[in-house]
Each structure stands twice: as C-alpha cells, then as structure tokens.
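Report on the structure given below.
Where a number appears in this text, it was derived from the coordinates with a stated rule and is not lab data. What you are looking at is a predicted structure, and each value in this text was computed from that prediction instead of being measured. Neighbour counts run over all protein chains shown; Cβ positions are idealised from the backbone, glycine included.
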Amino acid sequence: KGAQYRLGTGEWSAIEAEDGVWDSAFESFRFSVPDCPTGAQTLEVRLIDVAGNASTSKVKFTVP
C-alpha cells in the first residue's frame, strides 16, 4: 500500500514507489532526506500493506 520515512522523532514523510504505483508484493523505492543535520541520526522506514499491517526498520548513522 505504501511506505514512509522519518528522521529521528520527526514527522513521517511519504516514499513513492520507483514505478509510481504500489501494486505488487515486491516494490523498489528510493528517497532522499533533505537537510540532514550533522551528528548521530536515526532513520526509520515504515512499510504498510493493504490490510494496514506495518513493519518498521531503523538504521543509526553519523553525518560528519
């Protein structure tokens, strides 16, 4: 159904499917995080299926 990302505890932002439509079991996507501040950061990506189930993954990184 869709995907979202957020940096730290910020607001969730939509991620678009690479082909423009979330219409199959496997989709590719790409996104950029604008104005990522320096220092330690946490990025979360949340995927949501048509039944409303969500799965979230986190990655921690440091911006020099």
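Number of residues in segment 6-17 that are surrounded by fewer than 10 Cβ atoms within 10 Å (Cβ to Cβ) and touching a residue at least 12 places away in the same chain (Cβ under 8 Å): the value is 1. Within the set V50, V33, V59, V21, the sole residue that is loosely packed, with under 10 Cβ neighbours inside 10 Å, assigned to a loop (DSSP other than H, G, I, E, B) and either in contact (Cβ under 8 Å) with a residue 12 or more places away in the chain or in contact with a Ser or Thr (Cβ under 9 Å, 6 or more places away or on another chain) (or both) turns out to be V50.
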